[in-house]
2 protein chains.
Amino acid sequence: VTESTVPYSGVWPALLTPLTASLDIDIPAFAAHCKSLLAAGCTGVTPFGTTGEGPSFSVAERIAAIDGLIAAGIPAGRILVSTSCAALPDAITLTRHAVQAGCFGVLLLPPFFLKGVPDQGIINAYAQVIDKVADERLRIVLYHIPQISGVALSHHVIATLLKWFPKTIIGIKDSGCQREWSLGLAKAFMTPEPKANSCIQVWVGNEPDLQVMAAQGTVGAVSGVANVTPKLIARMVAAHSGPTAERDMARTQEFLAILSGYGMTAAFKGMMAILTGNAGWRHVRAPLVALSDAEFAQLETQMKAFALDPAKD
Amino acid sequence: VTESTVPYSGVWPALLTPLTASLDIDIPAFAAHCKSLLAAGCTGVTPFGTTGEGPSFSVAERIAAIDGLIAAGIPAGRILVSTSCAALPDAITLTRHAVQAGCFGVLLLPPFFLKGVPDQGIINAYAQVIDKVADERLRIVLYHIPQISGVALSHHVIATLLKWFPKTIIGIKDSGCQREWSLGLAKAFMTPEPKANSCIQVWVGNEPDLQVMAAQGTVGAVSGVANVTPKLIARMVAAHSGPTAERDMARTQEFLAILSGYGMTAAFKGMMAILTGNAGWRHVRAPLVALSDAEFAQLETQMKAFALDPAKD
């Protein structure tokens, strides 16, 4: 599979990052997780987003892990890597590495430490990454998750970047979890009759909105839930109505209800420990806290009741 | 001056970071600014905090700049460096470097990308920095600025760290700009009859609260305004009542009123350009945006009216 033949559609799980007992990235477990998801039909994988604790790792750790995944046989063209950092030089280093490694593209937040920054500063930050990497292979998916990053992407920012860099900006991952905002984004940027420089893919990261957005024409998603239920999420991206769609939404809501009782990433990792039998999956990096033994036992009971079916979920 | 003879009191300006035209750190201008502030009576300097755009620079840039300041003659024992990073390994690298370079101490945020994290995760993050640096010379000033970092420090976090690491945790910089919270912090942690493991310095970063906090017993500040008016801020830290104190507060409010019309760091840097005649001071790193020429011209008029007096301000 080469980069150019990978369709930009379908499910790209926002990968959890497995850790060793010393809290380093467990690259063999990471690669095994990717292989399992690709085998389940995912188009690609997205390491180092929010669910993946991406900004908790240093630039060197992130580069070594991407190199390790590729060395382990994950096709670079099926990796959409989040290269988001507080410092622009770090985002540039990671983005340059991703392009040179042949990755499909990068998922990129604006610098996320300072808050209340002007739109022009956000535009300048993206422009500087693009200008410094200076490689026409670069593809960027903008990343909107203001409740975590603290820095929202306005329509003005998106439209300006799209106008300046129409070949580079290919989409936006909207994990803001505000359905009205997502619909407005689709209306503004996913015109049914695409005009030059005005149409990009809008992918919601909030699973309950997948079918609503599929009805607007979205064809893909970067999803955290897809770490555990990739087939379920793939169906929700592909179909927005009918009995199967209704059943899938109910099952997704059932899954999210379990998750909501815990810290999200810790709970996802607990589920992975249960499903793989590898207790190491429970490790998280500070400032997150792993599930306690009591929480883990409760989660086991809940997952037994959920009865995950690898053929359907 | 050696580290051990520097009193932990007085004013430590939250340094602005001058940049070259290529937006790299201008180390000669940085050192000159430090020398000017120390000559004006500041106890020390605090590079790479929020006002200093600290997290906008890579680990390598931050290390090179601290080494550069020391090489230029700034005594390491008068440097309290913010080593705050989203990734713990980066915070550990910077903190270890600061200790080994002989810096007075470090100002440290919890990892600031993820939000809504549990207190225990914040405690673990600080503990891991302390355990990995493993150097009894390490002094940490906790850093509370939740409106920017998105991660507040609770009394439980502070009390637990103080109990576990009584020799390492020496203070807290409270830049939350919530006076009631600052007073509560002083009441909880600056007991008039210090008990073992229960008393640290509380320094507010919000200049209008300096005199109120001085009345509670604070003896120092890490202040952004002190980049421009170090003597004014030193007097506000040392005296909380009387005609001079009232005049100083009025003058500080006058200064803050000018500043409030612009982006804070860009405006501070514009003031530095005006005061030093070095136009390079106007540069900021994205996502910040430098003052426009029109804004700069307006700021020049305002600063002329403010009539800064280096002997008094």
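Note that chain B presents 37 Å² accessible area per residue, ligands and nucleic acids not counted, probe 1.4 Å.
Think of the range A:51-167 as having a plus end and a minus end, set by charges on the Cβ of Lys, Arg, Asp and Glu; of A:157, A:111, A:87, A:157 sits farthest toward the positive end of this dipole.
Shown in residue order for the range A:60-76 are the 3J(HN,Hα) couplings computed by the Karplus curve 6.51 cos²θ - 1.76 cosθ + 1.60 at θ = phi - 60°: 4, 5, 5, 5, 4, 5, 5, 4, x, 5, 5, 4, 7, x, 6, x, 4 Hz (x for Gly and Pro).
Shown here are the Rg and Dmax of the Cα trace of the protein assembly as shown, at 25.5, 79 Å. Here residue B:163 is the anchor, and the lysines within straight C-alpha reach of less than 20 Å, apart from those fewer than 8 places off in the same chain, are B:132, B:173, B:187, B:195. Distant-in-sequence amide contacts of residue B:19, defined by a placed amide H-H separation under 5 Å and a gap of 5 or more residues or a different chain, comprise B:26, B:283. In the range B:1-134, the convex hull through the Cα atoms has an average projected area of 8.4 nm², a quarter of its surface area. With the Cα gyration tensor of the range B:146-195 giving a ≥ b ≥ c as the square roots of its eigenvalues, does the rule (a/c under 1.5 for rounded; else a/b larger than b/c for prolate; else oblate) give rounded, prolate or oblate? Taking the square roots of the gyration eigenvalues as a ≥ b ≥ c, the range B:146-195 is oblate. Other protein chain C-beta atoms within 10 Å of residue C-beta, averaged over A:283-292: 6.
Under the convention that each Lys and Arg Cβ holds +1 and each Asp and Glu Cβ holds -1, the size of the dipole of chain A around its Cα centre is about 440 debye. For the interface of chains A and B, what total accessible area is buried with a 1.4 Å probe, rounded to the nearest 100 Å²? So the total buried area for this chain pair works out to about 2800 Å². Helical runs (DSSP H, four residues minimum) scored at -39500 (n - 2.57) apiece and divided by the length of chain B put the mean residue ellipticity at 222 nm at -13500 deg cm²/dmol. Per residue, the convex hull around the alpha carbon atoms of the range A:72-211 comes to 121 Å³.
Derived scalar couplings between HN and Hα for the range A:25-34 equal 5, 8, 5, x, 5, 5, 5, 4, 5, 4 Hz in order, rounded to whole Hz, by the Karplus curve 6.51 cos²θ - 1.76 cosθ + 1.60 (θ = phi - 60°), x for Gly and Pro. Computed with a 1.4 Å probe on the full set of protein chains, the accessible area for residue A:132 sits at about 120 Å².
Applying the criteria of a DSSP loop state and at most 13 other Cβ atoms within 10 Å to the trypsin sites (Lys or Arg not before Pro) of the range A:146-255 yields A:167, A:195. Computed over chain A, the percent of Cα pairs more than 25 Å apart is 46. When the charge dipole of the range B:156-313 is built from unit charges on Cβ atoms (+1 for Lys and Arg, -1 for Asp and Glu) and taken about the Cα centre, the candidate among B:302, B:283, B:166 whose Cα reaches farthest toward its positive end is B:166. The smallest convex shape that holds all Cα atoms of the range A:217-287, its convex hull, gives 99 Å³ per residue. Per-peptide packing, taken as the mean over residues of other Cβ atoms within 10 Å, places B:254-261, A:74-81 in the sequence A:74-81, B:254-261 from highest down. Amide H of residue A:223: which non-local residues (sequence gap of 5 or more, or other chain) have their own amide H closer than 5 Å, using H built in the peptide plane? HN-HN under 5 Å from residue A:223: A:12, A:14. Distances between equivalent label points of residue A:137 across the copies, with each point positioned 7 Å along Cα→Cβ, amount to 4.5 nm, shortest listed first. Of all DSSP-defined beta bridges confined to the protein assembly as shown, some 5% are antiparallel rather than parallel. In chain B, Cα pairs under 8 Å separated by at least six residues give a relative contact order of 18 percent. Computed in the context of the full set of protein chains, the accessible area of chain A at 1.4 Å probe radius has 56% of its extent on carbon or sulfur.
Using a label point 7 angstrom from Cα along Cα-to-C-beta, what distances in nm, from shortest up, separate residue A:177 from the other copies? Label-point distances to the other copies, shortest first: 2.6 nm.
Look at the stretch B:54-65: the mean tally of other chain Cβ atoms within 10 Å of its residues' Cβ atoms is 4. Backbone geometry of the range B:35-45 corresponds, through the Karplus equation with coefficients 6.51, -1.76 and 1.60 at θ = phi - 60°, to 3J(HN,Hα) couplings of 4, 4, 6, 5, 5, 7, x, 5, 5, x, 9 Hz, x marking Gly and Pro. Across the copies of the chain, residue A:253 has label points (7 Å from Cα along Cα→Cβ) spaced 5.5 nm apart, shortest distance listed first. The mean count of C-beta atoms from other chains within 10 Å of the C-beta of residues in B:91-101, rounded to a whole number, is 0. A straight line joining the Cα centroids of the range A:232-264 and the range B:210-265 runs 55 Å.
Dimensions of the range A:188-313 from C-alpha coordinates, computed as largest minus smallest value along each principal axis and given longest first, are 54, 36, 21 Å. Using 1/(1 + (r/R0)^6) with R0 = 35 angstrom and r between the beta carbons of residue B:179 and residue A:180, what's the FRET efficiency to the nearest 0.05? Once the sixth-power term is evaluated, E becomes 0.45.
The values are calculated or read from the model by the stated rules, or taken from the named source; none is laboratory data. Everything numeric in this text was worked out from a predicted model, so none of it was measured. All Cβ positions, even for glycine, are placed from backbone atoms using ideal geometry, and neighbour counts span all protein chains on display. Heavy atoms of the whole protein, side chains included, go into the accessibility calculation; ligands, DNA and RNA do not. Shrake-Rupley method; radii C 1.70, N 1.55, O 1.52, S 1.80 Å.
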